[in-house]
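Nothing in this text is a laboratory measurement; each read-out follows from the coordinates by a stated rule. If you're wondering where the values come from, they're calculated on a predicted model, not measured in any experiment. Every residue, glycine among them, receives a Cβ derived from its backbone with ideal geometry; neighbour counts consider all protein chains shown.
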C-alpha cells in the first residue's frame, strides 16, 4: 500500500516540522536543541532523524515552508480583477498572510526573523532564504505588470525595483509587528497610502 | 587626572565593543563566545569583563549603539531645506546610513538583523530594540510633519502611520541588502518613487 505509506510519511514529516516551528518561534534556532524538538513532537530521536538528519535540515525545511504560505497570499490577490492600487494590494497581501500564515498555533512570521539572522552565517540557510526572497519578488514583479496595465504606476516603472521595494515593505511589517506589536495591516497600508498620495483626501 | 582616565575608559570600552561587533557581524550572537571577543579585542577576560560583565551586556550595548548611527543619518536629512519628497528623502537617509554606519570595518546593518532575532527571545534585548524602533520612528514622524508643511503628503495624513511605513521600508532595505545583496539605495528609492507616483514620468 504505497499510497497510504506516502501520506503517512508526509503527515509524520509535517508533524515534526510543526513541532520544530513551535520551538523555533519561541526560542530561535540556537537555543532550540534537537531534544526540545523530540519532546515537542512526542517522538523518539530515531523517528525524527529519519525525516530530518540534523537541525540544519529542519531549519532549511522551515525556511522553505515560508514561501508556500506567501504564495497562497499572492494567489488571493492575483484573483482580484481589476487589480487594486499598490496600497490596497499591500493591505490585502499582508492581511492574508497574517490570517493564513500566522494564525496557526505558531506565528511563522517570528521564525522568518530567525531565518534572516541565520542566513547571514549559515550558507545553506542563506541559499534557501535567497530563493524565498526571489520567489516573493517575482510575485511583486507580476503585480507591478498588472499595476502598469491598470494605470496605477508609470508605464516605464522598473518592475524589478518595484518588487524590491514591495518586498522590503513586507519585511518591515513583519519586524515591526513582532518587535513592537503596535502596527496593524490597516495602519501600515494607511502610511503607504499617505506616501503614495492615494488616500481619499489626496485624491480629491 | 580624572579627565584622562575617563577618556581612556571610554576608548577601551569602544575598543571592546567594536571587537564584539566584528565577531557578531560575522557569526551572530549565539555562535560568538566571550573567548572569541577576548581574542578579537586582544584583551584578557578580566579586562573585558570590567566593562561588560556578560555577553548579554555586550549585545545590549551593541543594540543601543545602532540608534546613534541612525540619528546621525537623520541629522543630515533634517538639515536639508526645503525638505525633499518622501522617495528622495528616503534615498538620502539610506545612502547616509550606508556610508556612515556600514563602511567601518564592520557592517553594523548585519548586526541589526541578529538584534531583531535575539529581541524575540531575550526580553532585555527586546526592550533595547523597541527603544531603537521608537527612536527611529520619532525621526520619521518629524519628517512627516515637514512633508505635510511642504505639501508632499496630505495635510491630515497620520504621522504615526507614515513613520511605521517608513521605518518598515528601512528595515526591508537592510534585509534585502544583506540577504541578497542586489539592491542599491537608488533602486530602492526608484521602486518607492514608482509606487508614490513621483518619478519624473508620472509627474508630467
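Okay, here's what the table says:
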{"item": "Using distinct alpha-carbon pairs, which all enter the 1/r mean, Kirkwood radius of the range B:1-135 in Å", "result": "16.1"}
{"item": "Cα-based shape type of the range A:98-154, given that a ≥ b ≥ c are square roots of the gyration tensor eigenvalues and the cut on a/c is 1.5", "result": "oblate"}
{"item": "Cα-based helix-to-principal-axis angle, B:2-27 vs chain B, degrees rounded to 10", "result": "70"}
{"item": "Hydrodynamic radius of the protein assembly as shown per Kirkwood, over alpha carbon pairs, in Å", "result": "22.5"}
{"item": "Label 7 Å beyond Cα on the Cβ vector: residue A:54 copy-to-copy distances, nm", "result": "3.1"}
{"item": "Computed E for residue A:149/residue B:64 - FRET, C-beta separation, R0 35 angstrom, nearest 0.05", "result": "0.15"}
{"item": "P(r) weight above 15 Å for the range B:1-59, C-alpha pairs, percent", "result": "44"}
{"item": "Estimated [θ] at 222 nm from DSSP helical runs (n ≥ 4, -39500 (n - 2.57)) normalised by residues in chain B, nearest 500", "result": "-24500 deg cm²/dmol"}
{"item": "Calculated label separations, residue A:71, copies of the chain, 7 Å along the beta-carbon direction, nm", "result": "4.7"}
{"item": "Sequence of A:110, A:164 once ranked by neighbouring C-beta atoms within 10 Å, starting from the fewest", "result": "A:110, A:164"}
{"item": "Values of log10 I(q)/I(0), in the order q = 0.09, 0.10, 0.13 Å⁻¹, for the range B:55-196 under a Debye, Cα-only, solvent-free model", "result": "-0.27, -0.34, -0.57"}
{"item": "Fewest-first sequence of A:195, A:58 by Cβ atoms within 10 Å of each Cβ", "result": "A:58, A:195"}
{"item": "Residue B:13 versus residue B:72: modelled label distance in nm, points set 7 Å from Cα along the beta carbon direction", "result": "1.8"}
